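Some notes on the structure that comes next.
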Amino acid sequence: GQQVMQIPQYQHVQEGEDFTTYCNSSTTLSNIQWYKQRPGGHPVFLIQLVKSGEVKKQKRLTFQFGEAKKNSSLHITATQTTDVGTYFCAGRDSSNTGKLIFGQGTTLQVKP
Amino acid sequence: ETGVTQSPTHLIKTRGQQVTLRCSSQSGHNTVSWYQQALGQGPQFIFQYYREEENGRGNFPPRFSGLQFPNYSSELNVNALELDDSALYLCASSLSGISTDTQYFGPGTRLTVL
C-alpha cells in the first residue's frame, strides 16, 4: 500500500540553528499537509501544498512540494524553543476520499 | 482551538471489552475522520464519515466500526479490545469529504487496554 516516509526521526539542535525534515511518498500525491504536535497534544494544521514545485512560507517556516509531487520538506530557520514538537507530513492520494497518510514524524528538540 | 471536541479524555478498559468514543465536529463541517495514533507513531487512518455514510476505510478489522449522526457528530466503536488497541484516538472534522479540505483535529481520547 501507499507509504509516506519521513526523516530524520529525531533532531536535536541548538537554539538559533536551522532544522529540516523530509517526507517521501511511494506514490504521487494529490496534495500534502503538514502538522505540528506538541508533547501530550494533538496534531495542529500548519499548511497544505497542492501544486507541483510549490513553495510556501510562514515566518521562519518554509515548505516545499517536489516537482513530481512525491516528496516534500519543511525547513525552520533560526529555531526557537517554541518550535519544539513533532512535525508530521500527511499525504493524500488521488482517490479523493480525504484519507491522510501520515509519515512517522520528526521530533525536534531545541536546546536553549 | 479547532472547535472539535472528543470524549472521554482518557479511558481504561480490559481485553475483550467494548468501547465507544465520541466526537463533535466543528460547526459547519459535515465530515469526520478517525485516526489511531500509537505511541511514537504517526496517526493511522481508520475511516471517514461524510453525511452519515462511510466514505473510505483504512486497514482496520471490522471490530472497528463507526457512526455519524444527523448533526454530524460521530462515534467510534471498538469491540473485543486487544492490548494493541491502546493508543490515542483522534477525530478530525473537515468542511466536506473532498481531498483538498483541511482536517482539524480534536484533542483525542487516550485508550489504555489492560
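Between B:Ala80 and A:Val84, the C-beta separation translates, for a Förster distance of 35 Å, into a calculated FRET efficiency of about 0.35.
For the protein assembly as shown, the dipole from Cβ point charges (+1 on Lys and Arg, -1 on Asp and Glu) about the Cα centre works out to 140 debye, to the nearest 20. Partners of A:Lys70 within straight-line reach, counting aspartates and glutamates whose Cα lies under 16 Å from its Cα and excluding those fewer than 8 residues away in the same chain: A:Glu54, A:Asp93. Just how far, in whole angstrom, is region A:55-112 from region B:1-34 if you go by their alpha carbon centroids? Going from one Cα centre to the other spans 25 Å. Other residues lying with their Cβ under 12 Å from the Cβ of A:Ser30 contribute a combined charge of +3, Lys and Arg counting +1, Asp and Glu -1. The label point for A:Gln9 and the one for B:Thr102, both projected 7 Å from the Cα toward the Cβ, are 3.1 nm apart. Sorted from longest to shortest, the spans of the Cα atoms of chain B along the three principal axes equal 38, 28, 25 Å.
With viscosity 1.306 mPa s and temperature 10 °C, the Kirkwood radius over alpha carbon pairs of chain A converts through Stokes-Einstein to a diffusion coefficient of 114 µm²/s. For chain A, the relative contact order comes to 37 percent (Cα pairs under 8 Å, sequence separation of at least 6).
Taken over the protein assembly as shown, the alpha-carbon convex hull comes to 116 cubic angstrom per residue. Normalised by the residues of chain B, what does the relative contact order come to in percent, with Cα pairs under 8 Å and at least six apart? Relative contact order comes out at 37 percent.
Coordinate-derived values only; no laboratory data. Remember, it's a predicted structure, so these values are computed and weren't measured experimentally. When we count neighbours, we look across all protein chains shown, and the Cβ atoms used for this are built from the backbone with ideal geometry, even at glycine.
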